[in-house]
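Only one structure is covered here, and it is reproduced in the block below.
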Amino acid sequence: MVWDLEEYHHDKVNLRLILVSGKTKEFLFYPNDSVADVTDFVYRNWPREWSDENPPASNILRLIYQGRFLHGNVTLGALQLPQGKTTVMHLVPRENLPESNNQGQLKKDKSGESNCSNCCVIV
């Protein structure tokens, strides 16, 4: 089904997806759609103008929003994306997500020792 952006835009999230090449395309989704739903839909409805960049499978497509890779189970509503407005995300083919870089994690050196001199670990 083709959505008329003007008629149905008010209760959906309009995503403008940008490829590494700079090509863009807009898609409409519901707030309860997950990132995995988005990447699967885009893969199944790959735009003709992107045909030279078609990925081999939907499961390698990743969305980047505000500099962060999004995990597949996160919904657009959980990201608090505005309905009826356009949100820009990057769409990239990538096998794995980068490891989390939590500032609260203890960093270990090559010997396995923590480089924190005053750390408290509760087990």
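To keep it simple, each residue is scored yes or no on (1) at pLDDT 95 or above; (2) β-branched (Val, Ile, Thr); (3) not in a loop (DSSP other than H, G, I, E, B).
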| site | (1), (2), (3) |
| --- | --- |
| Leu79 | yes, no, no |
| Gly84 | no, no, no |
| His90 | yes, no, yes |
| Leu97 | no, no, no |
| Ile122 | no, yes, no |
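Of all residues in region 73-98, those that are within 17 Å of Val42 (Cβ to Cβ) have Cβ atoms under 9 Å from Cβ atoms of residues that are among the acidic types (Asp, Glu) and at pLDDT below 95, 6 or more apart or on another chain, in Pro93/Glu53. When region 1-20 is filtered for residues that are over 17 Å from the mean Cα position of the chain (by Cα) and either modelled with pLDDT of 95 or more or surrounded by fewer than 16 Cβ atoms within 10 Å (Cβ to Cβ) (or both), the ones remaining, listed by number, are Met1, Val2, Trp3, Asp4, Leu5, Glu6, Glu7, Tyr8, His10, Asp11. The set of residues in region 32-61 being modelled with pLDDT under 95 and in contact with a Gly (Cβ under 9 Å, 6 or more places away or on another chain) consists of Asn59 alone. Residue count for region 21-39 under the criterion of being surrounded by 14 or more Cβ atoms within 10 Å (Cβ to Cβ) and not in a helix (DSSP H, G or I): the result is 9.
The values are calculated or read from the model by the stated rules, or taken from the named source; none is laboratory data. Just so it is clear, the model here is predicted, and its values are computed rather than measured. Don't worry about glycine lacking a Cβ; one is built from the backbone with ideal geometry, like all the others, and counts go over all protein chains shown.
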